[in-house]
Amino acid sequence: MKFSLVTATLIALIGVSGCAEDRFVGRPGLTVVQQGALPEPLATDLVSASRPQVLGPFDQLSVDVFGLPEFSRTVTIDRSGNISLPLAGEIPAAGKTPTQLAQAVTQSLRANYVRDPRVTINVTQVVSQVLTVSGQVRQPGLYPVTGRMTLLRAIARAQGVSDVAREDLVLVFRRVNGRDTVGLYDLRAIQQGIYADPEVFANDVVQVDASRARRLFNLAIASSGLIAGPLIAILN
């Protein structure tokens, strides 16, 4: 999926529409749906084999320190995203892969005079899953999804939008039952209560697009009336 092409296409769609009742026309392979929300993913859509496993709050881990059984145990990542281990102390775990966390535990044990620690971490129970937040946000990356996550909360996890971001050009990409869908949202409208803060799910990609869209399509966006509701499209 090419985000820049989809972004430009969606903005062009808005530019040719005079009001919410107009017929949207886009490139071949893009169908604009007259509905107010992205469809929710199926259970099979929440599994991504190509994405590295990222830890999150409430995931359960098996920590093994070779030759030191007193340090080996099962731990659960707390709601703040940390684990606590003897001698190693409190270590941030959320957002790391198991390998990265094992390296952090190794460094902490070594700093506390454990000689040549060999740490292995395995996930025994997965509670959290992740989504991607990218583009004009302060901290792009993968973020755990625990409980009900919304678009505004996902942006907040990424420390908010950057100073140059267009808050009315926020895209949410989602794969539903083998089909790629995308929604275009206006954060200002959500914050003002004009329409609901949409729920986002594991494997969603939230993209805040600013630079090229702002330069080329500013007038079209300003006159589109997008603030009245999100625009939903299906990539055929």
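The values are calculated or read from the model by the stated rules, or taken from the named source; none is laboratory data. Since we're looking at a predicted model, the values are computed, not measured. Cβ placement follows ideal geometry from the backbone for every residue including glycine, while neighbour counts extend to all protein chains displayed.
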Name the residues in the stretch 124-175 that are farther than 30 Å from residue 72 by Cα, assigned to a loop (DSSP other than H, G, I, E, B) and small (Gly, Ala, Ser), would you? 158, 160, 162, 165
Say we look at the stretch 142-159 and pick out the residues that are surrounded by fewer than 15 Cβ atoms within 10 Å (Cβ to Cβ) and not basic (Lys, Arg); which of these is farthest from residue 97 (Cα to Cα)? 150
Given the conditions (1) over 21 Å from residue 53 (Cα atoms); (2) more than 24 Å from the chain's Cα centre (by Cα), report the number of the one that residue 184 does not fulfil. (2)
Options 104, 165, 156; residue that is farther than 30 Å from residue 86 by Cα and touching a strand residue (DSSP E or B) at 6+ places or on another chain (Cβ under 8 Å): 165
Output yes when any residue across the stretch 72-81 is without any contact (Cβ under 8 Å) to a residue 12 or more places away in the chain, basic (Lys, Arg) and more than 30 Å from residue 171 (Cβ to Cβ), and no when none is. no
Flagged in the stretch 136-166 as within 20 Å of residue 182 (Cβ to Cβ), modelled with pLDDT of 90 or more and charged (D, E, K, R), in numbering order, are 153
For the stretch 92-122, how many residues are under 23 Å from residue 145 (Cβ atoms) and touching a Pro at 6+ places or on another chain (Cβ under 6 Å)? 3
Test: residue 127 is closer than 30 Å to residue 61 by Cα and touching an Asp or Glu at 6+ places or on another chain (Cβ under 6 Å): yes
Considering each of 88, 49, 20 in turn, give the residue that is of a type in the set (Gly, Ala, Ser), modelled with pLDDT of 50 or more and more than 19 Å from the chain's Cα centre (by Cα). 88
